[in-house]
1. Restricting the search to the range 234-257, which residues are in a helix (DSSP H, G or I) and in contact with a helix residue (DSSP H, G or I) (Cβ under 7 Å, 6 or more places away or on another chain)?
2. Within the range 219-241, take every residue that is more than 13 Å from the chain's Cα centre (by Cα) and free of Cβ contacts under 8 Å to residues at least 24 places away in the same chain and give me the one that is surrounded by the most Cβ atoms within 10 Å (Cβ to Cβ).
3. Please specify each residue of the range 14-42 satisfying the condition of being under 17 Å from residue 262 (Cβ atoms) and either in contact (Cβ under 8 Å) with a residue 24 or more places away in the chain or touching a strand residue (DSSP E or B) at 6+ places or on another chain (Cβ under 9 Å) (or both).
4. Please go through the range 202-225 and pick out each residue that is more than 27 Å from residue 29 (Cα to Cα) and outside any loop (DSSP other than H, G, I, E, B).
5. Go through (1) assigned by TED's automatic domain parsing to the domain that holds residue 231; (2) closer than 22 Å to residue 297 by Cβ and name the single condition residue 119 misses.
6. Restricting to the range 51-78, name every residue that is touching a residue at least 24 places away in the same chain (Cβ under 8 Å), within 16 Å of residue 28 (Cβ to Cβ) and assigned to a helix (DSSP H, G or I).
7. Can you confirm whether residue 227 is assigned by TED's automatic domain parsing to the domain that holds residue 149, within 11 Å of the ligand (Cβ to nearest atom) and touching a helix residue (DSSP H, G or I) at 6+ places or on another chain (Cβ under 9 Å)?
8. I'd like the full set of residues that are in a helix (DSSP H, G or I) and either at pLDDT below 95 or away from the ligand (no atom under 13 Å from the Cβ) (or both), limited to the range 83-132.
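The values are calculated or read from the model by the stated rules, or taken from the named source; none is laboratory data. Quick caveat: nothing in here was measured; it's all calculated off a predicted structure. When we count neighbours, we look across all protein chains shown, and the Cβ atoms used for this are built from the backbone with ideal geometry, even at glycine.
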Ligand SMILES: C[S@@+](CC[C@H](N)C(=O)[O-])C[C@H]1O[C@@H](n2cnc3c(N)ncnc32)[C@H](O)[C@@H]1O
């Protein structure tokens, strides 16, 4: 569809949203998105927006377009997966390599959870990267996501790597039950499920340290400070290790995104507002005590926290 038609359609949906009366916290993100979509109608206005308004936005008050207009959720997930598949950008490569490496060196079965898994493109790339015929213990991937569209996409996306299909689980309770079943016979020692649930519902159904690794990608920046503390506490409780992968603020990423996604204004808008919500390098460095933090040239970082080692140290100190 012509980009101008797409932009005007979003602008009229935003106008309808404000006309229908919305809660006060939504007024700021609606106006921020409206101004950005208006600016994207011309390259000159877009550059002015980048050099002016973008820098004055309040990240903690922002919401992306799919959070205001959920009908754009599938479009955004699809485009994100297309970008994540681009070998030149290598957007999720460091995380994919880290997980593949874990699997190839595993000595026992692994249970790996993904918070805010989206279309499970990380898992697809991990499975595709494992050498065919190389033996490893059973690996169970579970993608937790609150969005129905994401769970549907995950099912379709993983079909190319797991022809026997993946399980679709409607709740945390169903997921806990599924994990107790023995895995169905399959060509590879890998099984996967997508579970439609908010990650905050998980602690009631899983024991502390239930997952070998909990990882998440492009998830953290969606959370405001109060929710983030809750996510970190949930991950610390349920995961032996937690791997956080997200973008950090850097302007080359904005330039790349502008060129690469100019013809997809919905994705470009989501990328720009995400970028504004990313932590800065300085903020990440200031808060990474007790974790291992690495920055990558693709504009992303990986932070690893070993809670199992922390629990062991705590027990040792107490005895
Ligand atoms: C930007 S997407 C990232 C998708 C995927 N991790 C990737 O890298 O392609 C963020 C995802 O987090 C999900 N999400 C947001 N809040 C959530 C929550 N409380 N519980 C589970 N999923 C959540 C959204 O539905 C969305 O699919």
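1. Step one: of the range 234-257, the residues in a helix (DSSP H, G or I) are 234-238, 251-257.
Within the range 234-257, 234, 236, 237, 238, 253, 254, 257 meet the criteria.
2. 232
3. In the first step, residues of the range 14-42 are kept if they are under 17 Å from residue 262 (Cβ atoms); the result is 36-42.
Once the filter is applied, which keeps residues that are under 17 Å from residue 262 (Cβ atoms) and either in contact (Cβ under 8 Å) with a residue 24 or more places away in the chain or touching a strand residue (DSSP E or B) at 6+ places or on another chain (Cβ under 9 Å) (or both), the range 14-42 yields 36, 37, 38, 40, 41.
4. 202, 203, 204, 211, 212, 213, 214, 215
5. (2)
6. Selection gives 54, 59, 60, 61, 65, 67, 68.
7. Taking the combined requirement at face value, the residue satisfies it.
8. 83, 97, 98, 100, 101, 102, 103, 104, 127, 128, 129, listed by residue number.
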